[in-house]
Amino acid sequence: MAQQSEREELRMVVASLRRHVRWIERAGVRVLPRGQFVDNKPEEMAERGLLRGVEGDLFSDYAAAYRAKTLEELRGAIGDCHRCKLWPGRTHLVFGVGNPHADIMFVGEGPGRDEDLQGEPFVGRAGQLLTDIINKGMGLKREDVYIANVIKCRPPDNRNPEPDEVESCEPFLKKQIELIRPQVIVALGKFAVQSLLKSKEPITRLRGIWHDYHGIKLMPTFHPAYLLRNPGDKKLVWEDIKKVLKELRTSPV
Ligand code: URA
């Protein structure tokens, strides 16, 4: 009896796989890429980068993103994203901007109104302050660094991103970091810091000290929007940025 129901289950799996392949064929796909499957040796998987164990999932909505070799390919793989509930409210998906080989990558929370309208991260008032930190504080141009956010679409009324939205977008940020491979990540504000470090510690405890993000040095600091409300804390951000500059100067490229 048990054997018969297992056979029936197998028949249903095969039938649904066949339907799926026919559907792919009808969509015009003629060749399916050979995936690398999840039972690879852990050392090999570790060598492949930050995204482990899922690259071979042929039917994953993220398969093309995992395989991307450049930021352009990654952007193409994200496409007109409908993977979470934020897409109906967006004007632009805000992917990221800057030098694909940057030594420093800034990671914020998510696009606000100005960023949604322009399709570029940190272009509003908080963005102007970040640009000042980069230009005047660090002596760099925006084009020298890379700037991205944890989530790529604006939440309604700038509310905090919700866990399912962060989860949907997380593979894209991880892949951006994997492709850029910066020397240092500067995580801006509580939300980005806690998401990247998978921590619930308050930003006041996390900021100003080096953390490890998959082998990359990560410096948490306050968000520029917080600094607009609390300008007295700019000096603390400057201390954090000085540590970043020292790290960049002293560590071999
Ligand atoms: N705040 C963010 O966290 N990111 C932006 O792109 C703009 C404002």
For LYS190, which lysines qualify as cross-link partners when the Cα separation must be under 16 Å and same-chain residues fewer than eight apart are set aside? LYS198, LYS200, LYS234
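What FRET efficiency comes out for the pair ASN158/THR70, r = Cβ-Cβ distance, R0 = 22 Å, nearest 0.05?
Numbers: r = 31 Å, r/R0 = 1.41.
Calculated transfer efficiency: 0.10.
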Rg/Rh (Cα only; Kirkwood hydrodynamic radius) as it applies to segment 126-206: 0.97
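With contacts defined as alpha carbon pairs under 8 Å and 6 or more residues apart, what's the relative contact order of segment 54-213 in percent? Walk me through the numbers before you get to the answer.
Details: 237 pairs, mean separation 44.3, N = 160.
Relative contact order of segment 54-213: 28 percent.
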Count the DSSP beta bridges whose two residues both fall in segment 137-253, then state the antiparallel fraction as a percent rounded to the nearest 5. 40 percent
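Every read-out reported here was derived from the displayed coordinates using simple, explicitly stated rules and does not represent laboratory data. Treat the numbers as computed from the prediction; the structure is a model and nothing was measured. Glycine gets a Cβ as well: all are built from the backbone with ideal geometry, and neighbour counts include every protein chain shown.
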